[in-house]
1. Would you tally the residues in the stretch 102-133 being outside any strand (DSSP E or B) and farther than 19 Å from ALA49 by Cβ?
2. Scan the stretch 54-67 for residues that are under 16 Å from the mean Cα position of the chain (by Cα) and surrounded by fewer than 22 Cβ atoms within 10 Å (Cβ to Cβ) and jot them down.
3. Filter the stretch 48-76 down to residues that are closer than 18 Å to GLY105 by Cα and acidic (Asp, Glu), then give me how many there are.
4. Checking SER93 against (1) modelled with pLDDT of 95 or more; (2) in contact with a Ser or Thr (Cβ under 7 Å, 6 or more places away or on another chain); (3) part of a loop (DSSP other than H, G, I, E, B), which single condition isn't satisfied?
5. For the stretch 50-69, how many residues meet the condition of being closer than 16 Å to ILE113 by Cβ, touching a Lys or Arg at 6+ places or on another chain (Cβ under 8 Å) and assigned to a loop (DSSP other than H, G, I, E, B)?
6. Residue under question is GLN72, and the condition is that it be assigned to a strand (DSSP E or B) and of a type in the set (S, T, N, Q); does it hold?
7. Hey, can you tell me all the residues within the stretch 48-105 that are basic (Lys, Arg) and touching a His at 6+ places or on another chain (Cβ under 9 Å)?
Amino acid sequence: MIPDRPAARCRRPLPSALLVLVAAAACATPRAYPGGVVLHVVNRGWSDAVVYVGDGNVPFRLGRVPALDRAQLAIPNQVAAMGVRLLVRVADSDQTYAAAPVLPGAGGVVELIVQPLLLSSEVTVLSYGALGG
């Protein structure tokens, strides 16, 4: 006979609904920072794309977008205050793309389309936010 352990009696399985809720939250699209810039990324390339925003000499990594997929990323206002210059690096490669800077303003929406030929990628401001301070 195996004696009862108090710790074993305290463990209860989580309801499956709670597990589904936690899994859905983990897979959810990141939300934008209040007043930050929303970045829609469409990766039409065959490789994952790593997206950065250029901030002086040190790029700030925003996230990784899987091949042939879409993602929504958030650019904090502190990083985007002087304009947004997006940089894209193809994962496991030395290919890079540097877009011309755009100034969407706080709360603006920017779209980045990563093309299979990386230098053909494009950045568009879909809507402008507050441009003044």
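1. 10
2. To start, the set of residues in the stretch 54-67 that are under 16 Å from the mean Cα position of the chain (by Cα) comprises 54, 59-67.
GLY54, PRO59, PHE60, ARG61, GLY63, ARG64, PRO66, ALA67 - these are the residues of the stretch 54-67 that are under 16 Å from the mean Cα position of the chain (by Cα) and surrounded by fewer than 22 Cβ atoms within 10 Å (Cβ to Cβ).
3. 1
4. Result: SER93 fails condition (1) only.
5. 1
6. Numbers: assigned to a strand (DSSP E or B): yes; of a type in the set (S, T, N, Q): yes.
Taking the combined requirement at face value, the residue satisfies it.
7. ARG70, the sole residue that qualifies.
For (1) surrounded by 13 or more Cβ atoms within 10 Å (Cβ to Cβ); (2) hydrophobic (A, V, I, L, M, F, W, C); (3) at positive phi, each residue gets a yes or a no:
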position	(1), (2), (3)
ALA71	yes, yes, no
GLN78	no, no, no
VAL84	yes, yes, no
ASP94	no, no, no
ALA100	no, yes, no
PRO116	yes, no, no
SER120	no, no, no
VAL123	yes, yes, no
SER127	no, no, no
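The values are calculated or read from the model by the stated rules, or taken from the named source; none is laboratory data. For clarity, every value in this text was computed on a predicted model and none was experimentally measured. All Cβ positions, even for glycine, are placed from backbone atoms using ideal geometry, and neighbour counts span all protein chains on display.
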